[in-house]
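Following: one structure in structure tokens, then a few remarks.
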Amino acid sequence: MDYLSIALDCAQSLGAEYADIRIQKTKSELIYIEDMGLKHTNMSIIHGYGIRVLKNGSWGFAHSNTFTKHDVIKTVEQAMKVAEMSAKINNRKSFTLAYERGYIDTYSTKMEIDPFKVPLKEKVELMLEVNKTMLNYAKIRSVFFVLENVNDDKFFASSLGSRIHSNISHTYPRFEATAVNEKDSQPRMFDKGGNAAGWEYVLKMNLIDKAVQTAEEAIIKLEADEPGEIRRRDLILDPFNLGLTMHESVGHPTELDRVLGWEADYAGVSFATPEKLKNYRYGSDIVNFVGDNTLPYGLATAGYDDDGVPGQKWYIVKDGILNEYGTTRDTAPLIGENLSRGCSRATHYYDFPINRIPNLYLEPGKKPLSPQELISDTEDGIYIEGKRSFSIDQHRVNFQFSGDMFWEIKNGKIIRPLKDVLYKSNNPEFWNSCDAICDERYWKDYGVFGCGKGQPMQSSNMTHGASTSRFKNIRVGGSK
Amino acid sequence: MMEKQFQTAAKFIEKNCSADDFSFYIYKSDEQRTRYAQNMITQNMSGVKYGVGLCVAYGNKSGRASVNSLDENELKFLIKTAQDIAKLNKPDPEYVPSSSKAKIPVVNNLSDNTVKFSMKEMVDIIGRTVENAEKKKAFVSGIVTKTIGDFYLKNKNGFEGFTSGSQFENSMTLADNKTREAKVERSVKDVNDYSINKELEQLNSRFDALTEPKKIEIGKYNVILRPQAVINFFSFLLYFLERKNADNGISAFHESVGKNMFGKNFSMVSKLNEKGLTAEPFSWDGIAARDFNWIVNGVVKELYTDRSYAKKIGTEPNFIPNFIIRGGNATEDEMMKKVKNGLIINNFWYIRTVSLRKNEVTGLTRDGIYYFENGKIKHSVNNLRFNEVLHEAAKNILLLGKEDNITSSAKVPTMLIKDFTFADTTSF
């Protein structure tokens, strides 16, 4: 049965100005091992369809998981009723959608080994071996390993004539060891992010070696000194710390729906308002942020977004200046843009698509520079690896971030490990203090799983990337 | 009353599952959610969701699966997948068999008034909200939600529980084009307990009290935390009060039971029949609920323990069915007069753990912060970042207001706390 056509024909016959349907089947595998106990080995399927209509310039959305002609029509009728109800409140205000055409296309994640076809025993044995390796250290009191594999099989059709089939796979392994003594406990996590790839992504990681390093660094951190009072010094951040830093301080503030106030009640708004486009100095001259939903292995790379707009690549910050936002078909026209950048995504079939951060990365430095050379060039600083305890205000200006491993630098040398380090800064101070970015040889991606946004909360994945970078004269120290 | 569809699906699973042990849940959630922003409806969503989850075991090899349909073919897939996972899985040395028959306490989480509340009535509430914002030349954003849910849990060893619940919720943020931003939110079991007039009155009062904010120095301040701020701050105890991390020396609750960590003014409990509050009658893993005194007059009485760890250390498992912090009788005026000066805080935002071992969290103020002096509000203040230890803040409680159930599953008072630590200021 061609449910796509049934839905669209019905919506148009009922007077929809625009309509789309997403039939989506999300398959998720979650394996969670705490110490040597298999807490969860779960396979979940969420399958159904969501129908979105625009009537009298207002959105209506309804969903169902019952696949019959009768239920599809009933769901369209419900979406229309909901839209008509919205229109009564919206009075003269209505949505206009950015121009788009229809596409007939398919897209699927390129992978070598389908993680769902890897025998469960093989995955669990690897995870148990990692946990066992970390628990071999007497001071490691607790460990866990989480493996998530997700496959989204989606048929999208719209009244513009689109018929798009996509099949997207993501995989995300991470584990943590916590070292404990009589005075303190310190966790250290192995987390290189998720990837739009298969099981080969996990196999290339040499996880047993990483388990040794993770456990040993947890113990090093446990016995390290605290950094003392907050004072200004230089920060060198690795790509994994920078991944979440850019997510919070660049990704979210440049989502156009936040800029327009649509998320004011919960996720917040943005300081990066439209009058700042093309003139606001977001960062130093060497700071270039690219939105790129065509990025190989990127978690937001899906061929098309949930408005049926193709993946694109564009500058969000160019030579330090705020250049463009991440947009959707219903937000772009509100700032005079005729085309969407394709950032509309929903988590499950029953979710309404919202404006999400694209794959977003900091371009590598143009001059040859290694992390070691950067450390050698730093007199008084702290090198931070990994992420932990991120907090930013609802306008996305002022933040306090931490990390997972900290090394004090004096006169060009790492002199000792530290623990419980925080850094505090704001937009535009932080990105304007960026004076050095290592070159492309050191560029690494970091795939964020589970970015929460919206009411009700939706979860989305996207990839960030950076080379190790330096930020001059930032407030760094302990918590109080 | 349990739907026939649930009964049919349950019978099918029991009949077709061949594992040594099994436990399954079935839920239905009928949801209507309408989002609004900038004085118009931006999203309007409607639909019913189903979910079935099955956990099976062969000896100590376990597997889980879940689907979102009660269709027979989906249930066959569910059973086969869970069983295949269990058969292929490695043995779990910490496996705990499903729970045995238990007496489920009677709770009343469902309101007919909420069940009958129509989409039109929800949209009318938004209409009132938008009208109010337009009168103030301001913009309102938020979400109105109605959820009716059923949940059924059964396992091979005799545990069986069914519960239904209703919730109506409205969250609204009123803002102008400058710096004023105020918010109120409330969720109730019975929509008749919700008054849009009362909520708009509170929203307007908070909004009108906002003036051009002044920047103040960081440091320790007396604070009056309103209920939303109290919930967001102290609800971290829902994660931290966990027994395994405490026993392992990972959290601040190591060897804490019986000790006064929180000061005499702080009591946190769970009560199944607290007026106006819902409570989970049983947990997802089959623990029957009861009343719990977690912290009484500052003394830690109990930590929560899952079934697996409880078995390991030979104790009874438990969970937190709802969240109540006991209050007092002080009014906000009395609180403002009790100390020379301080800050009134409507809400906190983006709270994250700084140190589990120290019980320390960080976050920012939001939705309005006011400076008061000599018993009167003087002006608004730029938002601030706090870095604070939960039990240290509790020890510094000077006065408690009446308990307010601003969410359907939590009830907390307004609090006057001395020496609350603000570690950074913001630019707005």
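The values are calculated or read from the model by the stated rules, or taken from the named source; none is laboratory data. Because the structure is a prediction, the values reported are computed rather than measured. Cβ placement follows ideal geometry from the backbone for every residue including glycine, while neighbour counts extend to all protein chains displayed.
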For segment A:1-32 the number of residues that are aliphatic (A, V, I, L, M) and under 24 Å from the mean Cα position of the chain (by Cα) is 3
Determine whether A:Leu120 is touching a Ser or Thr at 6+ places or on another chain (Cβ under 8 Å), surrounded by 15 or more Cβ atoms within 10 Å (Cβ to Cβ) and of a type in the set (A, V, I, L, M, F, W, C). yes
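Residues in segment B:348-370: is at least one assigned by TED's automatic domain parsing to the domain that holds B:Ile231, part of a helix (DSSP H, G or I) and under 19 Å from the mean Cα position of the chain (by Cα)?
No, every residue in segment B:348-370 fails to be assigned by TED's automatic domain parsing to the domain that holds B:Ile231, part of a helix (DSSP H, G or I) and under 19 Å from the mean Cα position of the chain (by Cα).
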For segment A:312-326 the number of residues that are buried (at least 22 other Cβ atoms within 10 Å of the Cβ) and assigned to a loop (DSSP other than H, G, I, E, B) is 1
When restricted to B:Ile143, B:Ile126, the only residue in a helix (DSSP H, G or I), under 22 Å from B:Gln43 (Cβ atoms) and within 12 Å of chain A (Cβ to nearest Cβ) is B:Ile126
The condition of being surrounded by 16 or more Cβ atoms within 10 Å (Cβ to Cβ), in contact with a Pro (Cβ under 7 Å, 6 or more places away or on another chain) and either part of a helix (DSSP H, G or I) or of a type in the set (Gly, Ala, Ser) (or both) holds, among A:Ala98, A:Ala79, only for A:Ala98
Checked against (1) at pLDDT 95 or above; (2) within 14 Å of another protein chain (Cβ to nearest Cβ), B:Asn177 satisfies every condition except (1)
Item to check | Any hit, segment B:24-31, residues being surrounded by fewer than 24 Cβ atoms within 10 Å (Cβ to Cβ), over 30 Å from A:Ser58 (Cα atoms) and of a type outside the set (D, E, K, R) | outcome: yes
Checklist entry - Restricting attention to segment B:245-252, does a residue exist that is closer than 30 Å to B:Glu14 by Cα and of a type in the set (S, T, N, Q)? => result no
Taking segment B:26-48 and keeping residues more than 7 Å from chain A (Cβ to nearest Cβ) and under 23 Å from the mean Cα position of the chain (by Cα) leaves B:Ile26, B:Tyr27, B:Lys28, B:Ser29, B:Asp30, B:Glu31, B:Gln32, B:Thr34, B:Tyr36, B:Val48
Scanning segment A:226-259 for residues that are of a type in the set (Ser, Thr, Tyr) and more than 12 Å from the chain's Cα centre (by Cα), the one nearest to A:Gly447 (Cα to Cα) turns out to be A:Ser249
How many residues of segment A:83-101 are without any contact (Cβ under 8 Å) to a residue 12 or more places away in the chain and among the polar types (S, T, N, Q)? The answer is 1
Scanning segment B:199-221 for residues that are of a type in the set (A, V, I, L, M) and in a helix (DSSP H, G or I) gives B:Leu200, B:Leu203
Picking from A:Thr106, A:Thr66, A:Thr75, the residue that is among the β-branched types (Val, Ile, Thr) and closer than 24 Å to A:Gly303 by Cα would be A:Thr106
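Inside segment A:147-162, can you point out the residues that are assigned to a strand (DSSP E or B) and either crowded, with 21+ Cβ neighbours inside 10 Å or out of contact with any Lys or Arg (no Cβ under 6 Å at 6 or more places or on another chain) (or both)?
Taking segment A:147-162 first, the residues assigned to a strand (DSSP E or B) are A:147-158.
Matches in segment A:147-162: A:Leu147, A:Glu148, A:Asn149, A:Val150, A:Asp152, A:Lys154, A:Phe155, A:Phe156, A:Ala157, A:Ser158.
Of everything in segment A:319-369, what is without any contact (Cβ under 8 Å) to a residue 40 or more places away in the chain and farther than 27 Å from A:Lys93 by Cβ? Give them in sequence order.
Let us first name the residues in segment A:319-369 that are without any contact (Cβ under 8 Å) to a residue 40 or more places away in the chain, namely A:319, A:336, A:344.
If the condition is that a residue be without any contact (Cβ under 8 Å) to a residue 40 or more places away in the chain and farther than 27 Å from A:Lys93 by Cβ, then A:Asp319 is the only one that fits.
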Within segment B:177-218, restricting to residues that are touching a residue at least 12 places away in the same chain (Cβ under 8 Å), within 27 Å of B:Lys376 (Cβ to Cβ) and small (Gly, Ala, Ser), the one that is surrounded by the fewest Cβ atoms within 10 Å (Cβ to Cβ) is B:Ala209
When restricted to B:Asn265, B:Asn245, B:Asn260, B:Asn293, the only residue within 14 Å of chain A (Cβ to nearest Cβ), polar (S, T, N, Q) and at negative phi is B:Asn245
Only one of (1) among the acidic types (Asp, Glu); (2) within 14 Å of chain A (Cβ to nearest Cβ); (3) closer than 24 Å to B:Phe348 by Cβ does not apply to B:Glu212, and that is (2)
Note on segment A:391-404: residues under 18 Å from A:Pro227 (Cβ atoms) and either out of contact with any Gly (no Cβ under 8 Å at 6 or more places or on another chain) or not assigned by TED's automatic domain parsing to the domain that holds A:Val269 (or both) are A:Phe399, A:Gln400, A:Phe401, A:Ser402
Screening A:Glu429, A:Glu363 for residues that are in contact with a strand residue (DSSP E or B) (Cβ under 7 Å, 6 or more places away or on another chain), at pLDDT 95 or above and not hydroxyl-bearing (Ser, Thr, Tyr) leaves only A:Glu363
The residue that is nearest to the other protein chains (Cβ to nearest Cβ), considering only those in segment A:267-278 that are in contact with a strand residue (DSSP E or B) (Cβ under 7 Å, 6 or more places away or on another chain) and outside any helix (DSSP H, G or I), is A:Ala267
So, first residue within 11 Å of chain B (Cβ to nearest Cβ) in segment A:65-82, second residue among the β-branched types (Val, Ile, Thr) and in a helix (DSSP H, G or I), Cβ within less than 9 Å, six or more apart or across chains; the pairs are A:Thr66/A:Val72; A:Thr66/A:Thr75
Condition (residue is at pLDDT 95 or above and under 26 Å from the mean Cα position of the chain (by Cα)) applied to segment B:73-96: is it met by at least one residue?
no
Across segment A:390-416, the tally of residues that are more than 7 Å from chain B (Cβ to nearest Cβ), touching a residue at least 24 places away in the same chain (Cβ under 8 Å) and assigned to a strand (DSSP E or B) stands at 11
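Kindly evaluate B:Arg366 against the criterion of being buried (at least 18 other Cβ atoms within 10 Å of the Cβ), touching an Asp or Glu at 6+ places or on another chain (Cβ under 6 Å) and of a type in the set (D, E, K, R).
No; evaluated as a whole, the condition is false for this residue.
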When (1) more than 14 Å from chain B (Cβ to nearest Cβ); (2) assigned to a helix (DSSP H, G or I); (3) of a type outside the set (S, T, N, Q); (4) buried (at least 21 other Cβ atoms within 10 Å of the Cβ) are applied to A:Leu295, the one that fails is (2)
Within segment B:82-119, residues closer than 30 Å to B:Thr147 by Cα, of a type outside the set (Gly, Ala, Ser) and within 8 Å of chain A (Cβ to nearest Cβ) come out as B:Met119
